[in-house]
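Worksheet: the structure to be examined is printed underneath.
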Amino acid sequence: MTVDVVRGWLRAADRVVLLSGAGMSAESGVPTFRDAQTGLWAKFRPEDLATEDAFRRDPRMVWDWYAMRREMVAKVSPNAGHLAVAAFQQRHPGRLTVATQNVDGLHQGAGSPGVLALHGNVAEDKWLDASRPCCLAQTPVPGHPPSCATCGNLRRPAVVWFGEMLPADVLAAAEEAAAACDLMLVVGTSGVVYPAAGLARATRGRVVVVNPVASELDDAADVVLRGTAATLLPQLLED
Ligand code: APR
């Protein structure tokens with residue numbers, strides 16, 4: 001019954017936002033973060049890997065860890081959930097905006113346009129310190145991490161680390177979309193990391209949580225669908 005109710009809300013919605021987290025990519029084989037057994041943070045401490053301090057302490061270790069994640073993500077494919085979202089966007093141009101916490105590029109790989117990558121993209125890197133003319137004038141010296149031959153500036157993963165600000169333009173676009181939407185699908189997130197999770201509390205639209213287990217955003221939901229992204233999103237989004 002509740003899937004049909006949500007399908008009705010989707011049909012009536014002029015503007016939809018899909019806020020996704022690591023669970024969106026779980027059925028593509030990408031580990032989530034906080035699963036007690038398989039989560040990345042069950043094996044590694046975020047403060048040892050996902051902070052600027054960690055990178056400055058041990059650039060090689062952090063660079064290589066993200067290179068391992070980059071290689072892993074390059075081998076996986078969008079799942080039926082990503083594909084259902086992209087197909088919906090293709091059939092209904094401009095009606096659904098994806099704002100994702102994921103850095104795996106799978107929404108983009110599925111063909112979703114205009115993805116708001118709140119936490120960046122693990123496939124990209126950037127200068128650790130503000131780039132100087134010397135950094136821009138030449139290709140980085142290969143290494144773990146690559147660096148500027150002249151000033152030694154290091155390349156770092158282009159992802160948002162704990163304690164860092166989200167890209168202001170991306171966050172502003174996501175906040176605007178959340179404020180204006182009629183319906184927000186919150187898919188595969190524990191809802192513990194802000195400001196991303198705050199989007200589900202700032203929306204004026206109805207909120208539907210899609211998650212096989214309880215999340216911190218269940219209390220913000222009008223409806224909670226207990227199931228997985230790759231199972232439920234095709235049911236919800238097919239015309
Ligand atoms: N379908 C839908 N949801 C799923 C699935 C699935 N197949 N498998 C797991 N989940 C749910 C889990 O129940 C959990 O609630 O996905 C959620 C994943 O939660 P987290 O591992 O905490 O990931 P996320 O919410 O994206 O973390 C947010 O924290 O570490 C930082 O920057 C990192 O972007 C990440 C942020």
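The values are calculated or read from the model by the stated rules, or taken from the named source; none is laboratory data. Everything quoted here is computed from the prediction, not taken from an experiment. All Cβ positions, even for glycine, are placed from backbone atoms using ideal geometry, and neighbour counts span all protein chains on display. These area figures cover heavy atoms from the full protein model, side chains too; ligands, DNA and RNA do not enter into them. Shrake-Rupley method; radii C 1.70, N 1.55, O 1.52, S 1.80 Å.
A 1.4 Å probe over all protein chains sorts C134, C181 by accessible area into C134, C181, starting with the largest. Solvent-accessible surface (1.4 Å probe) assigned to H92 amounts to roughly 40 Å².
Summing Cβ point charges (Lys, Arg +1; Asp, Glu -1) relative to the Cα centre of the chain gives a dipole of roughly 300 debye.
Taking the charge dipole of the chain about its Cα centre, with +1 at Lys and Arg Cβ atoms and -1 at Asp and Glu Cβ atoms, the residue from A202, G114, A178 reaching farthest to the positive side is G114.
Among the GluC sites (Glu not before Pro) found in the stretch 164-239, those both in a DSSP coil and sparsely packed, with 14 or fewer other Cβ atoms within 10 Å of their Cβ, are E164, E216, E238.
Remark: the Cα gyration tensor places the chain in the prolate category, a/c being 1.5 or greater and a/b exceeding b/c.
When the Gaussian network model of the chain links Cα atoms closer than 10 Å, the mean-square fluctuations of P157, P212, P78 top out at P212.
Rounded to the nearest 20 Debye, what is the dipole magnitude of the stretch 63-116 about its Cα centre when Lys and Arg each give +1 and Asp and Glu each give -1 at the C-beta? Each step should come with its number before you reach the end.
On the way: 5 positive and 3 negative charges, 41 e Å.
Using Cβ point charges on Lys, Arg, Asp and Glu, the stretch 63-116 gives about 200 debye.
Note on E52 and Q235: with the Förster distance fixed at 35 Å, the Cβ-Cβ geometry gives a FRET efficiency of about 0.25.
Within the shell of other residues whose beta carbon sits under 14 angstrom from the beta carbon of R45, the net charge comes to -1, with Lys and Arg scored +1 and Asp and Glu -1. V160 contributes about 40 Å² of solvent-accessible surface, heavy atoms of the protein only, 1.4 Å probe.
Since only P133, S20, F162 are under comparison, the one whose Cα sits farthest along the positive direction of the charge dipole of the chain, derived from C-beta charges on Lys, Arg, Asp and Glu, is P133.
The trypsin sites (Lys or Arg not before Pro) found in the stretch 192-227 that occupy coil by DSSP, while having at most 11 further C-beta atoms within 10 Å, are R204. As a length-normalised measure over Cα pairs under 8 Å and 6 or more apart, the relative contact order of the stretch 113-239 settles at 18 percent. Among beta bridges from DSSP that stay inside the chain, the antiparallel ones total about 25%. Placing +1 on each Lys and Arg Cβ and -1 on each Asp and Glu Cβ, with no other charges, gives the stretch 102-237 a dipole about its Cα centre of roughly 240 debye. For the chain, averaging the sequence separation of C-alpha pairs within contact (under 8 Å, six or more residues apart) and dividing by the residue count gives a relative contact order of 26 percent. Per-residue ellipticity at 222 nm from helix content only, as computed over the chain with -39500 (n - 2.57) for each DSSP H run of at least four residues, stands at -10500 deg cm²/dmol.
Positive-end ranking of A123, L96, P46 along the dipole of the stretch 37-195, with charges on Cβ about the Cα centre, is headed by A123.
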